[in-house]
1. For the list (1) of a type in the set (Ser, Thr, Tyr); (2) in a helix (DSSP H, G or I); (3) surrounded by fewer than 20 Cβ atoms within 10 Å (Cβ to Cβ), I need the number of the one condition that THR28 fails.
2. Hey, can you tell me all the residues within region 73-111 that are of a type in the set (Ser, Thr, Tyr) and within 17 Å of the chain's Cα centre (by Cα)?
3. Quick one: which of GLN33, GLN3 is at negative phi, surrounded by 14 or more Cβ atoms within 10 Å (Cβ to Cβ) and polar (S, T, N, Q)?
4. Scan region 82-112 residue by residue and report those that are surrounded by fewer than 20 Cβ atoms within 10 Å (Cβ to Cβ) and of a type in the set (D, E, K, R).
5. State whether the residues of region 101-111 include one that is under 16 Å from TRP10 (Cβ atoms) and of a type in the set (S, T, N, Q).
6. Within region 1-25, restricting attention to residues that are of a type in the set (A, V, I, L, M) and either touching a Ser or Thr at 6+ places or on another chain (Cβ under 9 Å) or outside any loop (DSSP other than H, G, I, E, B) (or both), which residue is modelled with the lowest pLDDT?
7. Let me confirm something: among ASN62, ASN54, which residue is polar (S, T, N, Q), exposed (fewer than 13 other Cβ atoms within 10 Å of the Cβ), more than 18 Å from TYR104 (Cα to Cα) and in contact (Cβ under 8 Å) with a residue 24 or more places away in the chain?
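The values are calculated or read from the model by the stated rules, or taken from the named source; none is laboratory data. Since the structure is predicted, the reported quantities are computational estimates derived from the model, not experimental observations. Backbone-built Cβ (ideal geometry, glycine too); neighbour counts: all protein chains shown.
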Amino acid sequence: MMQIKVVEEWIEKAEEDFGFACVSIEQTDYFAQICFHFQQAAEKYLKALIAAGNLKFRPVHNLLELFEICRQKDSEIGKIKEECRYLNPFYIDTRYPVHWPTNYNKETALKAKDSAEKIRGFIKRSLKI
């Protein structure tokens, strides 16, 4: 049985991250942090779908792992796999020192926004909200 309140809470938190990142693109040059918030939004949208299906998951930030769990509920989710793949590195790269090249600019942030928008739209359609 779907726990409506839990699903709504995940969506609300996702919307906060998504909205903050959207507004920030035009107001700051901290593009790595903007990408982080788009990754966080995507993570929370996926967790909303997981909660809606009463599926089990570990507390992880890996969008591809969450994506695979979501497959159990929605076979159409393959439509957003590339978006999950694009956003997935932003959890680590934007928060910790890494020893590989990173390049966070407005173009990267806009692409992150597009990916998050596609995930957002898919999940909200799937949940009929």
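1. Status for THR28: all satisfied but (2).
2. TYR86, TYR91, THR94, THR108
3. Within the list GLN33, GLN3, the selection yields GLN33.
4. Once the filter is applied, which keeps residues that are surrounded by fewer than 20 Cβ atoms within 10 Å (Cβ to Cβ) and of a type in the set (D, E, K, R), region 82-112 yields GLU82, ARG85, ASP93, ARG95, LYS106, GLU107, LYS111.
5. For region 101-111, residues under 16 Å from TRP10 (Cβ atoms) and of a type in the set (S, T, N, Q): absent.
6. Residues of region 1-25 that are of a type in the set (A, V, I, L, M), as a first pass: 1-2, 4, 6-7, 11, 14, 21, 23, 25.
Those still in the list that are either touching a Ser or Thr at 6+ places or on another chain (Cβ under 9 Å) or outside any loop (DSSP other than H, G, I, E, B) (or both) too: 4, 6-7, 11, 14, 21, 23, 25.
On the way: ILE4: 88, VAL6: 93, VAL7: 95, ILE11: 97, ALA14: 98, ALA21: 98, VAL23: 96, ILE25: 95.
The extreme case among them is ILE4.
7. Numbers: ASN62 fails: exposed (fewer than 13 other Cβ atoms within 10 Å of the Cβ).
Exactly one of ASN62, ASN54 is polar (S, T, N, Q), exposed (fewer than 13 other Cβ atoms within 10 Å of the Cβ), more than 18 Å from TYR104 (Cα to Cα) and in contact (Cβ under 8 Å) with a residue 24 or more places away in the chain, namely ASN54.
Conditions tested, residue by residue: (1) in contact with a Leu (Cβ under 8 Å, 6 or more places away or on another chain); (2) acidic (Asp, Glu); (3) closer than 21 Å to GLN3 by Cβ.
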| position | (1), (2), (3) |
| --- | --- |
| LYS44 | no, no, yes |
| LEU64 | no, no, no |
| SER75 | no, no, no |
| GLU83 | no, yes, no |
